[in-house]
1. Around THR91, which amide H atoms from residues at least 5 apart in sequence, or from another chain, sit under 5 Å from its own amide H, with H modelled in the peptide plane?
2. Taking 0.36 nm per residue of separation and subtracting the Cα-Cα distance, what length does fully extending GLN202 through ASP260 add?
3. Nearest 10 degrees, 0 to 90: what angle lies between the long axis of helix 170-196 and the longest principal axis of the chain (Cα atoms)?
4. Distance from the Cα centre of region 234-275 to that of region 42-120, in angstrom?
5. I want to verify a result. In a Gaussian network model of the chain, Cα cutoff 10 Å, which of these has the top mean-square fluctuation: LEU253, LEU204, LEU318?
6. Test of understanding: ordering LYS217, LYS412, LYS135, LYS257 by Cβ neighbours within 10 Å, fewest first, what list do you get?
7. Rounding to the nearest 10 and keeping the result within 0 to 90°, find how far the Cα-based axis of helix 157-166 lies from the longest principal axis of the chain.
8. Just the number, please: Stokes-Einstein D of region 312-413 in µm²/s, Kirkwood Rh from C-alpha pairs, 20 °C, 1.002 mPa s.
Amino acid sequence: MTITAVAIFAFTYLTISAQRLPFLHLDRTSGAMIGAVAMIAFGVLTINEAYSALNLDTIVLLLGMMLIVAYLQVSGFFDLVATFVLSRARTGNGLLLIIIISAGILSALFVNDTICLMMTPFVLLLTSRSKIDPKPYLIALASSANIGSVATLVGNPQNMLIGTFSGWPYLGFFLAMLPIAIVGLAIDYLVLRFFFGKCLRQELKPYDTGIATIVDKALVYKSIFVTAVVIIGFSLGIRLAFMAILGASFLVLAANKRPDEIFAKVNWSLLLFFASLFVVVAGINRVGLVDDAHRLLEGYFAVSLPRQIATFSFASLLLSNVVSNVPYVMVVQHWMTAFSSPMLMWLVLAMSSTFAGNLTVAGSVANMIVLELSKGGAPIRFWEFTKVSGTIALLTWLSGTTLLVLYSAAGKF
């Protein structure tokens, strides 16, 4: 049974790590689904055990946030923000700074992948009309979206998992991670200045998108109001999943839009991916593989708290790129109670698994969105992206780990 579970687990993680297996025509969602079904079909889990493995809080939180973001998207909110933000730039340096700050803030509130999806076309259009190299600005968009998302429990999918598993309150998590995000965004700006300093000194032409943005003002106001209420609810300690789906339900009732148009914008494959991974990880946990892995690493973690932080942070940086950050978080959630300060180690996990997204092109969905949307007009080669983004990842990870070690020295958690 153990060999069967390990084989299914290995197959699932191969499809996730490779993103797509051409000879099987599988992507990561279909691979995870097949892995989950195989765990049941080969007797590793019963169907009832598979149902019990699903963490509905995480699924509902994701669904609620995706619906709220969908209403903001169709209302024209993100187009307005992108136009406003980019129109304030006068020089290349100014544009870089504006993109980093705006993408960082928006990603913390509305999920990093969405912000990259919304802002990439505007960055491409502005740089094309201004006749400037788009590469530093595209890399800035992807890297700052990843970095900024670390600040909240809804900034990216792995943080949503951590919010569900850890018991961290939304406001407490935000206050702890905000300095890490700010320092990370500052490093992002300095590294990009180092690599692209010469072309960033150019003057920009006055901004004009040439696009008549269609805005539903009533829906913009309703969506902003609901988003604010949801964030307040998060901050007051109301259950994340309930608050998110409550806000989404209000918009379904109040918006003058057909719900099926909004539901069509939900990333249902991501929900299936999460549900399937819960089952796969439960199967591995059932046969004791997670416990065996923890016992193997326990000697490295059974040290002083600062060394625990450094060791676990480094392991998370690497393994999040090997198996992807979401499944990695699902696996190591079972290890957290063994640490001397579990609440602090949840922060370590959030920081390292998020900043790991900038280490490689495939480290984050946000990276792939930016590169995919820009490949027609401004293709970025693998090494061009990795040498800059990888430097950002290592320096932000180092600064984040240092700050968390200082937290432990101050006895904050």
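Bear in mind that the values in this text are calculations on the coordinates, not laboratory data. The model shown is predicted, which means the values in this text are computed figures rather than measured ones. When we count neighbours, we look across all protein chains shown, and the Cβ atoms used for this are built from the backbone with ideal geometry, even at glycine.
1. The answer is LEU204.
2. Numbers: separation 58, 0.36 × 58 = 20.88 nm, distance 4.56 nm.
Residue separation times 0.36 nm, minus the Cα-Cα distance, leaves 16.3 nm.
3. The answer is roughly 60 degrees.
4. Region 234-275 and region 42-120 have Cα centres separated by 13 Å.
5. LEU253
6. On the way: LYS217 10, LYS412 13, LYS135 21, LYS257 16.
Neighbour counts put them in this order, fewest first: LYS217, LYS412, LYS257, LYS135.
7. 50 degrees
8. On the way: Rh = 14.5 Å.
Stokes-Einstein gives a translational diffusion coefficient of 148 µm²/s.
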